[in-house]
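This report concerns only the one structure given below.
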Amino acid sequence: MRCQPDNEYKVYNWLKNKQNCLLCDEQTDTPIRLCTHCEADLPWLQGHCRVCALPLPASGLVCGACQKKPPAFERVEVPWRYAFPVDTLITRFKHQAKWPLGRLLGALLSRHLQHAFDEGLPRPDHLLPVPLADARHRRRGFNQAELLGQWLSHDLSLPLQTHWVRRISDTPAQQRLDAAARQKNLRHAFALLDSAELRGTHLALVDDVLTTGATADRIARLLKKAGARRVDVYCLARTPKPGDG
């Protein structure tokens with residue numbers, strides 16, 4: 001049995017109907033399955049680092065880590081902090097294959113990005129989902145970053161390149177590692193497709209959650225070494241520093 005939907009319209013069609021809110025079960029008053037009250041209560045990212053989007057007391061600042069060692073990516077664009085209920089929605093989408101929850105988050109991310117483009121964020125030439133190792137992909141049945149990339153590509157009319165970045169080693173899960181171990185873990189984890197036309201391009205990596213940014217930084221360095229002009233990161237949620245609320 002395949003985990004991924006056979007027909008994209010099975011995922012998209014429910015967006016066009018009024019249904020009950022996925023969080024409170026009340027009838028929605030918007031085209032998506034989230035009422036305005038629940039949407040307002042989501043953990044929207046307020047003050048944050050203007051490079052890596054780390055939650056900070058105010059906007060427009062650059063965090064200490066980005067000042068000390070600027071990452072290879074230019075900017076992280078993300079709507080939420082990784083907190084309830086977004087963390088639960090992502091977990092159910094990622095580990096329980098709850099497609100409607102993923103599509104809801106993808107639709108809201110698309111809307112957030114379109115607003116950012118309208119406010120002056122440069123549109124990328126291509127979207128690139130962060131890849132999974134083949135063995136992990138087989139076990140899970142899908143790559144949540146690739147699904148998000150498909151939905152963003154559809155909503156924002158941006159081309160998606162699913163094979164330009166490959167994961168060539170099945171490293172230990174990043175969640176169990178500190179920042180230094182994550183960097184070492186990813187040293188030889190990724191490779192680029194030889195035929196990828198990267199020179200002079202503006203690219204955007206797509207993933208579900210940004211924690212330390214080690215994965216995005218490693219891939220961005222490979223892309224820039226191959227000639228990419230700019231690399232941004234689009235994701236659903238950003239984790240705070242350990243110990244922060």
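The values are calculated or read from the model by the stated rules, or taken from the named source; none is laboratory data. Bear in mind that the values here come from a model prediction, so they are computed numbers and not experimental data. Methodologically, a virtual Cβ is constructed for each residue, glycine included, from the backbone with ideal geometry; neighbour enumeration extends over all protein chains shown.
A few comments on the model shown:
- Test result for H126, touching a Leu at 6+ places or on another chain (Cβ under 7 Å), of a type outside the set (D, E), surrounded by 15 or more Cβ atoms within 10 Å (Cβ to Cβ) and at pLDDT 95 or above: yes
- Residue match in segment 59-66 (condition: surrounded by 21 or more Cβ atoms within 10 Å (Cβ to Cβ), out of contact with any Phe, Trp or Tyr (no Cβ under 7 Å at 6 or more places or on another chain), part of a strand (DSSP E or B) and touching a residue at least 12 places away in the same chain (Cβ under 8 Å)): no
- Those residues of segment 67-95 which are closer than 16 Å to R230 by Cβ and either without any contact (Cβ under 8 Å) to a residue 24 or more places away in the chain or polar (S, T, N, Q) (or both), in sequence order: P70
- Of all residues in segment 132-162 being of a type in the set (D, E, K, R) and at pLDDT below 95, the one that is nearest to A97 (Cα to Cα): R140
- Pair list, Cβ under 7 Å, 6 or more apart: segment 206-218 residue touching a residue at least 40 places away in the same chain (Cβ under 8 Å) and part of a strand (DSSP E or B), other residue of a type in the set (S, T, Y) and surrounded by 21 or more Cβ atoms within 10 Å (Cβ to Cβ): V206/Y234; V209/Y82
- Filter result for F73 (at pLDDT 90 or above, touching an Asp or Glu at 6+ places or on another chain (Cβ under 7 Å) and part of a loop (DSSP other than H, G, I, E, B)): yes
- Cβ-Cβ under 9 Å pairs, at least 6 apart or on other chains, segment 40-56 side over 26 Å from L23 (Cα atoms) and acidic (D, E), far side crowded, with 22+ Cβ neighbours inside 10 Å and modelled with pLDDT under 95: none
- Of the set (1) surrounded by fewer than 14 Cβ atoms within 10 Å (Cβ to Cβ); (2) over 30 Å from C24 (Cα atoms), all apply to H95 but (2).
- Filtered residue count, segment 121-150, keeping only those that are touching a Pro at 6+ places or on another chain (Cβ under 8 Å), assigned to a loop (DSSP other than H, G, I, E, B) and in contact (Cβ under 8 Å) with a residue 60 or more places away in the chain: 1
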